[in-house]
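Chemist: Provided herewith is a single structure, encoded as structure tokens, for subsequent inquiry.
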Amino acid sequence: MRFLLTAEQREFGRTLDGMLGACGTPSAIRAWASGDAKPGREVWARLAAAGVFGLAVPQEHDGSGLLPVELTVAFHELGRHAVPGPLAETVAAAAFLGRLGDGAAAAALLPGIASGTAVVSLCMDGPYALDADAADAVLTVRDDTVHRTARHGPVQPCADPARRLARPLDGVLLARGPAVTAAAAHALDIARLATAAQCLGLGRALLDGTVSYVKERTQFGVPIGSFQAVKHRLADTLIALEFARPLVHAAALALATDAPAAARETAAAKVAAGEAAYAAARTALQLHGALGYTDELDLSLWIRKARTLRDAWGTPAECRARVLADPPDGN
């Protein structure tokens, strides 16, 4: 199995990295957390113009067709720059609608998702929808039904202020039956893959920022990065991220080929990448000392996101249980 990206895929990632680096995402994150979605929507529009959201939209609805590997490349960069908004939820919603087979619902939302004019939140793993106040539509899946929700309750506090949670209220029934259940299972795999890729990018940004800091911060007249304990902590963080990377690639390939093991692979990728990102956040917090707790430090925006992404779309315990329920040898 090939885990190396092609030259085109690597260039796609570099292009997104450069574009997001010029967007000033920290200010967009802080605005989003305060309820001002305008700067974040501007970043969203640029991502859509680069084709990011079309990677989960069928070609007949102005997308590129489902391209999980390219989606992984894109979401790695979205995580690296901590882009706010229901990113995984929107591509999962696109995958859900594409698999559902409801032409009217797909035609109403998928072209807008591809073009970036429709931000869609998908709620099916808990009582709250992410960024319902900023989304153009919220799809709520319960059992074998899916509703398009028009209203939501008040925004609830979250460990990451840029993740604004609200309870969906009444809505219009879009579909019911086994097709909804099957589409939801597929959407869950896409959401876990996208979130795992975000975790990888987030963890790498935390590690890079911490490495830069320990080279400059001095104690006893020398950089603290020269201390053996600090080196070991950073090395452990890097190893965890690098061990998670092939699992994320394997999950993307499984989804690209619609392999039966895709659910197990995405669960394994999610738990490995989520735990690695959370470990990177703890390392960054410890090695930055008191600075790591301050809202003024941009890195705190990344630190706060790590825990919530680790638990989004399946806690580590839930993902491990999914892996163990379907072992590779089929026993």
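Nothing in this text is a laboratory measurement; each read-out follows from the coordinates by a stated rule. Please read all numbers here as calculations on a predicted model, not as lab measurements. Counting neighbours? That spans all protein chains shown, and the Cβs are built from the backbone with ideal geometry, glycine included.
Chemist: Å³ per residue of the Cα convex hull, for the stretch 71-156? Could the numbers behind the result be given before it?
Modeler: Details: hull volume 9.4 nm³, N = 86.
Measuring per residue, one finds 110 Å³ for the Cα hull of the stretch 71-156.
Chemist: So, in Å, what gap is there between the alpha-carbon centers of the stretch 173-187 and the stretch 285-331?
Modeler: 28 Å
Chemist: Ok, one more. Between residue 222 and residue 144, what is the spin-label point distance in nm, taking each point 7 Å from the Cα along the Cα→C-beta axis?
Modeler: Label-label distance for residue 222 and residue 144, simple model: 6.8 nm.
Chemist: A further question on this structure: Can you give me the angle between helix 68-80 and the longest principal axis of the chain, using Cα atoms only, in degrees from 0 to 90, rounded to the nearest 10?
Modeler: Approximately 50 degrees, to the nearest ten.
Chemist: Using amide H atoms built 1.01 Å from N in the peptide plane, name the residues 5+ places from residue 129, or on other chains, whose amide H lies under 5 Å from its own.
Modeler: Under 5 Å from the amide H of residue 129 lie the amide H atoms of 166, 167, each far enough along the sequence or on another chain.
Chemist: Something else now. Report, in whole Å, the centroid distance computed from the Cα atoms of the stretch 78-114 and the stretch 188-210.
Modeler: Value for the Cα centre distance between the two parts: 19 Å.
Chemist: Shape verdict for the stretch 31-175, please, from the Cα gyration tensor: rounded (a/c under 1.5), prolate (a/b greater than b/c) or oblate. Let's see the in-between values first.
Modeler: Details: a/c = 1.74, a/b = 1.04, b/c = 1.67.
Judged from the Cα gyration tensor, the stretch 31-175 comes out oblate (a/c at least 1.5, b/c at or above a/b).
Chemist: Next question, about the same structure. With springs connecting C-alpha atoms under 10 Å apart, model the chain as a Gaussian network and identify which of 230, 83, 222 has the largest mean-square fluctuation.
Modeler: 222
Chemist: Give me the compactness ratio for the stretch 188-325, meaning the Cα radius of gyration over 2.2 N^0.38 Å.
Modeler: On the way: Rg = 16.3 Å, N = 138, 2.2 N^0.38 = 14.3 Å.
Dividing the Cα radius of gyration by 2.2 N^0.38 Å gives 1.14.
Chemist: Please give the helix 316-325 orientation as an angle from the longest Cα principal axis of the chain, in degrees from 0 to 90, rounded to the nearest 10.
Modeler: The angle comes out at about 60 degrees.
Chemist: Using a 10 angstrom cutoff on alpha carbons, build the Gaussian network for the chain and name the most mobile of 159, 262, 114.
Modeler: It is 159.
Chemist: While we're looking at this one, here's another question. Excluding residue 111 itself, what net charge comes from residues whose Cβ is under 13 Å from its Cβ, given Lys and Arg +1 and Asp and Glu -1? Present the calculation step by step, with values, prior to reporting the outcome.
Modeler: Values: positive: none; negative: 60, 62, 136.
Local net charge: -3.
Chemist: Can you tell me the relative contact order of the chain? Whole percent, Cα pairs under 8 Å, sequence separation 6 or more. Let's see the in-between values first.
Modeler: Details: 612 pairs, mean separation 54.0, N = 331.
Once divided by the residue count of the chain, the mean separation gives 16 percent.
Chemist: Same structure again: Counting helices only, and only those DSSP H runs with n ≥ 4, report the 222 nm mean residue ellipticity of the chain as the sum of -39,500 (n - 2.57) divided by its residues, in deg cm²/dmol to the nearest 500. Numbers along the way, then the final one.
Modeler: On the way: 11 runs with 194 residues, N = 331.
Dividing the helical sum by the residues of the chain leaves -20000 deg cm²/dmol.
Chemist: Let me ask something additional. Give a residue-ordered list of calculated ³J(HN,Hα) values for the stretch 91-97 (Karplus: 6.51 cos²θ - 1.76 cosθ + 1.60, θ = phi - 60°; whole Hz; x for Gly, Pro).
Modeler: 6, 5, 5, 5, 5, 4, 5
Chemist: Can you tell me the FRET efficiency between residue 7 and residue 115 if r is taken as the Cβ-Cβ distance and R0 is 35 Å, rounded to the nearest 0.05? Mind dumping the intermediate values first?
Modeler: Numbers: r = 27 Å, r/R0 = 0.78.
For R0 = 35 Å, the calculated efficiency reads 0.80.
Chemist: Another one. Nearest-5 percent of antiparallel DSSP beta bridges in the chain?
Modeler: Working: 16 of 20 bridges.
Once the DSSP bridges in the chain are tallied, antiparallel ones form about 80 percent.
Chemist: If you don't mind, there's one more thing I want to ask. Which residue, 104, 196, 284, tops the fluctuation ranking in a GNM of the chain built on C-alpha contacts under 10 Å?
Modeler: 104
Chemist: How far apart, in nm, are the 7 Å Cα→Cβ label points at residue 59 and residue 176?
Modeler: 3.6 nm
Chemist: Treat each spin label as a single point 7 Å out from the Cα along the C-beta direction, and report the residue 325 to residue 293 distance in nm.
Modeler: 4.1 nm
Chemist: At what distance in angstrom do the alpha carbon centres of the stretch 135-152 and the stretch 1-36 lie from each other?
Modeler: 28 Å
Chemist: Quote the FRET efficiency, to the nearest 0.05, computed for residue 36 versus residue 318 with a Förster distance R0 of 25 Å and r equal to the Cβ-Cβ distance. Show your work: numbers first, answer last.
Modeler: Working: r = 33 Å, r/R0 = 1.33.
That pair, residue 36 with residue 318, gives E of 0.15.
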